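Undergrad: Questions regarding the structure given below will be posed in turn.
The numbers here are math on the coordinates, done by the rules we state, and not lab data. Every value quoted in this text rests on a predicted model; they were computed, and no experiment measured them. Here the Cβ is made from the backbone with ideal geometry for all residues, glycine too, and neighbour counts use every protein chain on show.
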Amino acid sequence: MRVLPYHLPLVAERGEGPLVWDADGNEYIDLNMAYGPLIFGHRPKPIIEAVIRQIAERGSQLGFPTEVSARAAEKLKRFYPGIDLVRFCNSGTEAMMFAARLARTVTRRKKIIVFEGNYHGWSDALFHQYHAPIEQLGHDGFAPALPGTLGMDGAPHDLIVLRFNDLEMLERCLEKFDGSVAAVVMEPIMGNSGVLPPEPEFLEGARELTCEHDVLLVFDEVITGLRVAAGGAQELYGLTPDITIVSKALGAGFPIAACGAPREFMEFVAQGKLFHGGVYAGNALVTAAAEAVLDQIIADPDGIYQHLHAVGNELAHGLREIMTRLRIPHIVQHVGPMISLFLTTTEVEKFKDYRTVRQYCDFEKYIRFQHELQRLGVYFHPNQFEPMFLSTAHTEEHIDKVLERIEAGAKRCLIP
Ligand code: PMP
């Protein structure tokens, strides 16, 4: 974020609920929620209290197994039927590295299929040029992954990149590489190229095809886990992957990620055959935060997700109504509290994959619009690949205010 050239500088001083204040004292309604984690808004009281209790009375890092981490794991499992055992990590990147290693260990195969526009962290194992220029993408629909940055020294190895929501391509790829693919890894609802929901038949088809080819299906629910539903995208679409990764909302602002799978897979770790480490991984402070998050959800799952979906729907409908009325070419796509406003160059019905977003979105215009809104006291990320995120602290009144300012900003800078 610090190196992005298109940001209007904003140094945050503090946050409270849905609001954030910068170092100059300006107030913003925050639609970024720290890139997704803050499902209860900034400074959520019960989570902070649990963390303070843990530090004050028991310690942040004990260097032994703790009951609090076991309880957090048990509570997480309630929502994810495919998880028997969990490893906690410090970040989504680490949990995804572990998932890749686990899949390769279980299947004794090397290749991993990922999708254009999906981000799975910055490790050499999985970081690829997920926002590659269109000319560099595979023309027949799949290609070896390009390194995502300098310094990857030939990595990622054995990664194949496919177009999302294209079942036929996945089938062709699995047939072509039959016997050498360890896993199909995906964000089941894409959130790193804007919000791109899966076509229901795509997820079902991916589940069937991976079973047929003895390939593991890995859901990277770093964004969607505990956010679109307590049980993430897998609950929403009624599918169980082989390996699940959850992170952002699990910590609600504290750095934790979890990778979970059936016991027979995790036995490799339990028996010391598959290594996973991390001095701070699963420390008592972050697992106390995760337990408090899960306790909140367990206490009122319906209330929390109904609220998140209600404010998400209100913002999405409002955005659509304003842009349509002002005749600004756009598409709004959302799943509950993750929302994308795409400003398009032409009329497009629906975005199903990264390529079309890249091709038909006006990124410069979106940046100008975002700058205007930031000046008007609404913050969302200036890159339209980044969704807007809401929290339980956002109320109808906040959304009304956001929409008023969106309309004012759109009139000022989107109408020729
Ligand atoms: N997977 C997905 C889907 C993500 O969105 C992210 C982070 N935005 C990651 C993995 C990596 O997580 P982290 O930044 O915590 O390493």
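Undergrad: Taking R0 as 51 Å, what FRET efficiency do you get between Lys75 and Thr149 from their Cβ-Cβ distance, rounded to the nearest 0.05?
TA: For Lys75 and Thr149, the calculated efficiency is 0.90.
Undergrad: Continuing with the same structure: Can you give me the P(r) profile for region 45-299? Cα pairs, bins 5 angstrom wide beginning at 0, each as a whole percent.
TA: 1, 7, 14, 18, 19, 16, 11, 7, 4, 2, 1, 0
Undergrad: Name the residue from Pro255, Ile189, Val222 whose Cα lies farthest towards the positive end of the charge dipole of region 178-262, charges +1 on Cβ of Lys and Arg and -1 on Cβ of Asp and Glu.
TA: Result: Pro255.
Undergrad: Cut-off 17 Å, label point 7 angstrom out along Cα-to-Cβ of Glu364: give me the residues of region 376-416 whose amide nitrogen falls inside.
TA: Flagged as within label range: 383-384, 413-416.
Undergrad: FRET efficiency for Thr324 and Glu267, Cβ-Cβ distance as r, R0 = 51 Å, nearest 0.05?
TA: 0.40
Undergrad: Quick check: pseudo-label points 7 Å beyond the Cα along Cα→Cβ at Ala23 and Asp178, how many nm apart are they?
TA: Those two pseudo-labels are separated by 6.1 nm.
Undergrad: Counting other beta carbons within 10 Å of each Cβ, put Cys89, Cys361 in order, fewest first.
TA: Cys361, Cys89
Undergrad: Then there's this: With +1 on each Lys and Arg Cβ and -1 on each Asp and Glu Cβ, and nothing else charged, work out how big the dipole of the chain is about its Cα centre, in Debye to the nearest 20.
TA: 680 debye
Undergrad: Region 171-189 to region 232-271: how many Å between their Cα centroids?
TA: Each part's Cα centre sits 20 Å from the other's.
Undergrad: Taking Lys45 as the anchor, which lysines have their alpha carbon closer than 30 Å to its alpha carbon, excluding any fewer than eight residues away along the same chain?
TA: Lys75, Lys77, Lys248, Lys401
Undergrad: Taking the number of other C-beta atoms within 10 Å as the exposure measure, put Arg101, Arg320 in order starting with the fewest.
TA: So the ranking, lowest neighbour count to highest, is Arg320, Arg101.
Undergrad: Within region 2-92, list the trypsin sites (Lys or Arg not before Pro) lying in a DSSP loop whose Cβ has at most 15 other Cβ atoms in a 10 Å radius.
TA: In loop regions of region 2-92 (DSSP not H, G, I, E or B), the sparsely surrounded trypsin sites (Lys or Arg not before Pro) are Arg2, Arg58, Arg78.
Undergrad: To continue, here is another question. Stick to Cα atoms and the Kirkwood definition of Rh, then tell me Rg/Rh for region 113-227.
TA: Rg divided by Rh gives 0.93.
Undergrad: What is the sum of charges, Lys and Arg at +1 and Asp and Glu at -1, for the other residues whose Cβ falls under 11 Å from the Cβ of Ile39?
TA: +2
Undergrad: A further question follows. If the cut-off is a Cα-Cα distance under 22 Å, which lysines reach Lys273, setting aside same-chain residues fewer than 8 apart in sequence?
TA: List returned: Lys110, Lys111.
Undergrad: Using Cβ contacts closer than 10 Å as the measure, can you line up Met190, Met266 from fewest to most?
TA: Lowest count first: Met266, Met190.
Undergrad: In nm, what is the difference between 0.36 nm times the number of residues separating Thr105 and Cys211 and their Cα-Cα distance?
TA: 36.4 nm
Undergrad: Additional query: Straight-line reach only, C-alpha to C-alpha below 22 angstrom: list the lysines that Lys350 could link to, leaving out same-chain residues fewer than 8 apart.
TA: List returned: Lys365.
Undergrad: Here is a further query. I'd like the chymotrypsin sites (Phe, Trp or Tyr not before Pro) in region 239-283 restricted to DSSP loop residues with at most 14 other Cβ atoms within 10 Å, sorted by number.
TA: Here the chymotrypsin sites (Phe, Trp or Tyr not before Pro) that fit, given the DSSP loop and packing criteria, are Phe275, Tyr280.
Undergrad: Given Cα pairs under 8 Å that are at least 6 residues apart, what percent is the relative contact order of the chain?
TA: Relative contact order comes out at 23 percent.
Undergrad: Between Glu171 and Ala56, what FRET efficiency comes out of the Förster formula 1/(1 + (r/R0)^6) with R0 = 45 Å and r the beta carbon distance, rounded to 0.05?
TA: 0.20
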